[in-house]
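Input: a single structure, listed below in structure tokens.
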Amino acid sequence: MAATDDLEKIRRQFDYGPYPRVAIDKTPKDDPNVLFVHDLVTPFYVRDHRVPQTKGKRILDAGCGTGYKSLVLAIANPGAEIVGIDLSPESVKLAAERLKFHHFDNVYFEVRSILDLPSWGEQFDYINCDEVLYLLPDPVEGLNALKSVLKPDGILRSNLHSALQRFPFFRAQNLFKLMGLMDENPEEMEIDIVRDIMKELKDGVDLKARTWNPHYEQQESNETLLANHLLVADKGSTIPQLFQYLEAAGLEFISMVNWRHWNLVDLFKDPENLPTFLALSLPDVPQSVQLEMYDLLHPVHRLLDFWCSPQPRATVADLGEWSEEQWDQSTVHLHPQLCTEAIKEKWLGYLNDRMIVDLGTFMSFSSPTPVYVDPLGLATLLPLFDHPLAFPDLCDRYQCLAPLDPVTLEPIEPRVARQQLQALLTRLELSLFVLVSLP
């Protein structure tokens with residue numbers, strides 16, 4: 001009964017304040033970072049080291065809210081069918097209006113609880129369950145429900161609120177529960193009470209210092225207060241709990257969605273000169289423990305945002321360890337979210353000006369530090385805007401563009417050209433600017 005009551009309170013809260021409140025005409029089509037995350041090519045490549053087609057895939061947006069992420073999924077995955085479900089009828093209504101406004105007709109919405117999925121009888125290639133799992137009474141029950149409609153080779157993206165990063169807001173929620181402001185669905189009166197209390201606290205009061213912003217004193221911040229200080233059923237989890245939930249649901253961890261921002265060695269002044277104890281022990285430390293160490297040292301991520309799947313990540317060596325035979329069998333792609341006319345036009349402009357370019361200029365989400373490419377690299381990769389190329393063909397182009405050693409003016413040996421191109425692709429693949437797939 002308690003779980004049913006919690007779900008009903010969640011439904012009422014999001015009927016009252018549908019989330020997210022994004023203008024219906026806003027589009028993410030020019031935001032490669034958000035499209036990168038929601039392009040199913042990204043997690044499938046991370047798991048399988050292959051580049052799938054999006055056409056014909058079925059995608060479930062579980063907890064679609066007002067449909068902005070459904071719109072992102074539709075734009076990021078051309079030719080895929082998008083199905084959105086949400087507990088809130090008001091949210092589903094707004095989601096359908098949004099996708100109709102943007103002229104997507106291969107998108108369907110219905111009012112449905114995630115916990116009712118096992119009886120649905122549908123199957124999906126990819127599930128996006130964003131900002132929902134931490135609201136469910138039992139995260140494992142939620143993961144099991146989502147798994148029931150996921151194909152055996154499908155991938156699920158979901159997230160949990162971080163118990164460490166989010167702790168001040170859990171304190172705020174406990175405070176306002178103690179005051180009775182969350183006994184029923186928080187609405188205008190409860191929001192105004194929270195605003196009055198927080199505004200009048202001294203600036204040095206710890207809760208105010210950690211959870212308040214002067215902007216929250218304005219009426220337009222109501223959504224923010226409902227999503228933080230007054231969020232019904234909000235819960236936090238740790239990294240060990242995340243892995244416990246996945247094990248209980250029979251799901252394999254693939255990667256954090258923002259994996260480049262969870263690198264433990266990046267927290268040290270000189271990653272190449274770690275303290276001796278860490279330098280000797282870290283190579284043998286499991287990924288789950290490294291993530292836990294990062295979160296204990298530097299809990300800056302509100303979301304423990306992850307991809308998981310019924311099947312484990314493929315055991316493919318890093319590109320730097322590939323054999324020459326593997327390279328010769330490989331195909332090189334630009335990430336689909338770089339393959340736009342707008343980015344190609346900028347790319348050509350940088351080439352004409354002989355500029356060295358940080359590829360993070362185009363797509364920064366996967367590269368916490370700059371990734372520079374010189375004009376030779378830009379010119380070599382240019383045909384990838386139109387279609388993928390086999391590595392040997394790309395190697396021929398590289399050698400045509402740079403036939404001579406710039407120091408000796410002697411012809412560059414094919415072996416040296418291969419090594420130079422392999423080094424470039426290995427560096428760019430780390431941030432998934434390029435995808436190098438095997439048959």
Note on the stretch 170-225: residues outside any helix (DSSP H, G or I) and of a type in the set (Asp, Glu) are 183, 184, 187, 203
Quick one: would you say residue 314 is in a helix (DSSP H, G or I) and at pLDDT below 95?
no
Residue check: is residue 62 in contact with a Gly (Cβ under 9 Å, 6 or more places away or on another chain) and farther than 24 Å from residue 252 by Cα?
no
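Yes or no, residue by residue, for (1) crowded, with 16+ Cβ neighbours inside 10 Å; (2) aliphatic (A, V, I, L, M); (3) at pLDDT 95 or above; (4) in contact with a helix residue (DSSP H, G or I) (Cβ under 7 Å, 6 or more places away or on another chain):
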{"site": "161", "(1), (2), (3), (4)": "yes, no, yes, yes"}
{"site": "167", "(1), (2), (3), (4)": "no, no, yes, no"}
{"site": "187", "(1), (2), (3), (4)": "no, no, no, yes"}
{"site": "196", "(1), (2), (3), (4)": "no, no, yes, no"}
{"site": "199", "(1), (2), (3), (4)": "no, no, yes, yes"}
{"site": "249", "(1), (2), (3), (4)": "yes, yes, yes, yes"}
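Per-residue answers, yes or no, for (1) closer than 30 Å to residue 51 by Cα; (2) open to solvent by less than 20 Å² (accessible area, probe 1.4 Å); (3) modelled with pLDDT under 95:
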{"position": "147", "(1), (2), (3)": "yes, no, no"}
{"position": "154", "(1), (2), (3)": "yes, yes, no"}
{"position": "164", "(1), (2), (3)": "no, no, no"}
{"position": "172", "(1), (2), (3)": "no, yes, no"}
{"position": "191", "(1), (2), (3)": "no, yes, no"}
Residue tally, condition surrounded by fewer than 16 Cβ atoms within 10 Å (Cβ to Cβ), of a type in the set (A, V, I, L, M, F, W, C) and either more than 23 Å from residue 76 (Cα to Cα) or in contact with a Pro (Cβ under 7 Å, 6 or more places away or on another chain) (or both), over the stretch 329-360:
4
Search result, residues across the stretch 361-413 that are charged (D, E, K, R), under 30 Å from the mean Cα position of the chain (by Cα) and surrounded by 12 or more Cβ atoms within 10 Å (Cβ to Cβ):
374
From the residues in the stretch 287-304 that are more than 20 Å from residue 369 (Cβ to Cβ) and out of contact with any His (no Cβ under 8 Å at 6 or more places or on another chain), which one is most open to solvent (accessible area, probe 1.4 Å)?
296
Inspect the stretch 275-286 for any residue being open to solvent by 60 Å² or more (accessible area, probe 1.4 Å), touching a Ser or Thr at 6+ places or on another chain (Cβ under 6 Å) and either closer than 29 Å to residue 44 by Cβ or not in a loop (DSSP other than H, G, I, E, B) (or both) and give the result as yes or no.
no
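The values are calculated or read from the model by the stated rules, or taken from the named source; none is laboratory data. Predicted model only: the values in this text are computed from it and were never measured. Note that we place each Cβ from the backbone using ideal geometry, even for glycine, and neighbour counts take in every protein chain shown. Heads up: the accessible areas ignore ligands, DNA and RNA and are worked out on the full protein's heavy atoms, side chains in. Shrake-Rupley method; radii C 1.70, N 1.55, O 1.52, S 1.80 Å.
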